[in-house]
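This report refers to the structure that appears directly beneath it.
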Number of protein chains: 2
Amino acid sequence: MEKVGLEKHTSKQFDADLEDVRELVLSMGGLVEQQIADAVRALVDGDGGLGEDVVRGDTEVNRMEIEIDEECTRILARRAPQAGDLRLVIAIAKTITDLERIGDEAEKIGRMATHLASYERPKSAFRQIETLGRHVREMVRDVLDAFARLDSESAVHVARNDEEVDREYEGIVRQCITYMMEDPRTIRHMLDVLWAVKALERIGDHSTNIGEYVVYFVEGKDVRHIGLEAMEKEIAKSMRPRGDASASD
Amino acid sequence: MEKVGLEKHTSKQFDADLEDVRELVLSMGGLVEQQIADAVRALVDGDGGLGEDVVRGDTEVNRMEIEIDEECTRILARRAPQAGDLRLVIAIAKTITDLERIGDEAEKIGRMATHLASYERPKSAFRQIETLGRHVREMVRDVLDAFARLDSESAVHVARNDEEVDREYEGIVRQCITYMMEDPRTIRHMLDVLWAVKALERIGDHSTNIGEYVVYFVEGKDVRHIGLEAMEKEIAKSMRPRGDASASD
């Protein structure tokens with residue numbers, strides 16, 4: 001089992017470089033979390049001004065993606081990292097692509113919030129959106145926590161939460177369809193609501209992707225596309241004490 | 001201007017490694033193009049079996065992503081590439097993430113095609129979907145061509161086409177809304193159509209992302225998030241003969 005931690009690095013300057021870039025990722029993550037929170041607040045409260053703030057705020061998310069990407073490239077060029085160090089840099093480069101796209105989804109929600117600001121909102125649908133928004137924000141926070149603590153078990157747990165998020169999403173879609181059928185004049189507006197809800201659901205998907213990069217870094221195994229059960233099995237295998245490889249699988 | 005081509009590489013084995021991985025990307029791209037074509041055909045013709053084939057075919061797209069990613073990691077570890085070579089490896093690693101997500105969108109369309117197979121389809125909307133599908137497939141092909149020929153001008157041209165794709169997408173959405181308002185019983189089905197159309201629109205976005213990676217590799221400049229006009233200006237600058245830097249900007 002090639003399991004790695006940050007203590008393994010070879011030079012002090014390298015440690016410092018990696019620590020800097022990890023800090024940057026966490027602060028980009030914090031910004032993205034705030035963007036989601038503001039976007040959902042803007043949507044639920046019908047606050048068009050806050051929606052516009054979110055749209056403008058995406059520029060900073062984009063700037064951070066490029067900064068971190070350049071930092072990763074610089075580390076690859078200067079340090080030519082190997083094994084776990086190399087995997088960490090690759091995992092970071094991929095993580096920030098998903099973080100940036102989470103930012104894009106928040107921006108879309110902000111935009112929809114501005115469209116919908118003057119529209120009378122069906123209370124119960126928006127309460128459910130608030131709950132869904134809180135859950136996807138928790139997913140982002142949890143997966144960044146897992147990233148910070150190099151905790152692959154928690155990272156897989158995030159993927160498990162995505163199933164709940166998908167169920168909540170389906171419930172809201174069904175409710176929106178009911179509204180539209182009852183009053184076809186609401187169709188145009190309800191579609192905007194649906195696009196926003198869809199954006200929340202995609203944030204869940206991106207968080208799951210980030211969770212997979214954490215597992216790739218910590219376990220040295222690519223667990224993309226293998227499904228949740230197989231992912232959990234892989235992690236469990238690596239947690240088992242050595243010599244126990246023949247245990248029931 | 002740090003403009004690079006493949007002739008610049010230092011060792012023959014390295015050239016061969018890079019050539020192999022470029023070939024893999026192009027063949028992954030060919031597969032993804034076919035998936036889009038089949039998915040749109042399945043949707044337009046109401047061919048549920050073909051839709052299922054597309055869903056199953058996504059496994060191969062996923063497998064190729066992991067294979068190419070591993071190849072990139074191997075090149076980084078063994079060769080510690082610098083400058084343009086390093087940028088090429090990074091551009092490839094990012095390109096295949098977008099190709100894989102294009103594959104996911106094709107899979108979604110295949111799934112919707114299967115749902116909608118038995119549903120009577122409004123002819124004119126589906127003709128427009130066929131056109132949109134052809135256009136996004138052309139975008140994918142053109143951007144992979146630009147990638148193969150290291151042609152940043154064509155890569156920017158792809159981003160320009162995305163504006164046309166977005167307009168076509170908006171037109172279909174408006175038409176679907178009209179159908180839904182005229183006959184609210186169609187709402188549920190028309191939403192499935194809308195999700196499929198949305199997936200096509202996203203394929204356009206992913207192609208634009210790939211175009212930006214091509215520019216990043218060829219020009220050594222990160223042109224993400226700067227907008228089309230600024231992108232074209234950057235490319236134009238690098239095409240200008242040296243000593244002409246004071247020309248009107």
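Some observations on this one:
- Residue list for region A:177-216, filter: among the aromatic types (Phe, Trp, Tyr) and over 26 Å from residue B:60 (Cβ atoms): A:179, A:195
- Residue A:93 in contact with a Cys (Cβ under 6 Å, 6 or more places away or on another chain) and within 26 Å of residue A:60 (Cα to Cα): yes
- Considering region A:79-88, the residues that are free of Cβ contacts under 8 Å to residues at least 12 places away in the same chain and of a type outside the set (S, T, N, Q) include one that is farthest from the other protein chains (Cβ to nearest Cβ), namely A:86.
- Test: residue in region A:89-106 that is over 23 Å from residue B:101 (Cα atoms), of a type in the set (Gly, Ala, Ser) and either within 14 Å of chain B (Cβ to nearest Cβ) or part of a helix (DSSP H, G or I) (or both): no
- So residue B:61, is it more than 11 Å from every other protein chain (Cβ to nearest Cβ) and either buried (at least 18 other Cβ atoms within 10 Å of the Cβ) or assigned to a helix (DSSP H, G or I) (or both): no
- Of all residues in region B:54-92, those satisfying the criterion of being out of contact with any Asp or Glu (no Cβ under 8 Å at 6 or more places or on another chain) and of a type in the set (S, T, N, Q) are B:59, B:73, B:82.
- A residue that is free of Cβ contacts under 8 Å to residues at least 24 places away in the same chain, in a helix (DSSP H, G or I), within 14 Å of chain A (Cβ to nearest Cβ) and not small (Gly, Ala, Ser) cannot be found anywhere in region B:22-44.
- Residues in region B:88-112 that are charged (D, E, K, R) and under 19 Å from the mean Cα position of the chain (by Cα) were compared, and the one that is surrounded by the most Cβ atoms within 10 Å (Cβ to Cβ) is B:105.
- Scanning region B:113-155 for residues that are free of Cβ contacts under 8 Å to residues at least 12 places away in the same chain and either surrounded by 15 or more Cβ atoms within 10 Å (Cβ to Cβ) or touching a Phe, Trp or Tyr at 6+ places or on another chain (Cβ under 8 Å) (or both) yields one hit, B:145.
- Lone unmet requirement of (1) closer than 23 Å to residue B:15 by Cβ; (2) touching a Ser or Thr at 6+ places or on another chain (Cβ under 8 Å) for residue B:83: (2)
Read the figures in this text as sums done on the coordinates, not as results from a lab. If you're wondering where the values come from, they're calculated on a predicted model, not measured in any experiment. Cβ coordinates were reconstructed from backbone atoms using ideal geometry, including for glycine residues, and neighbour counts include every protein chain displayed.
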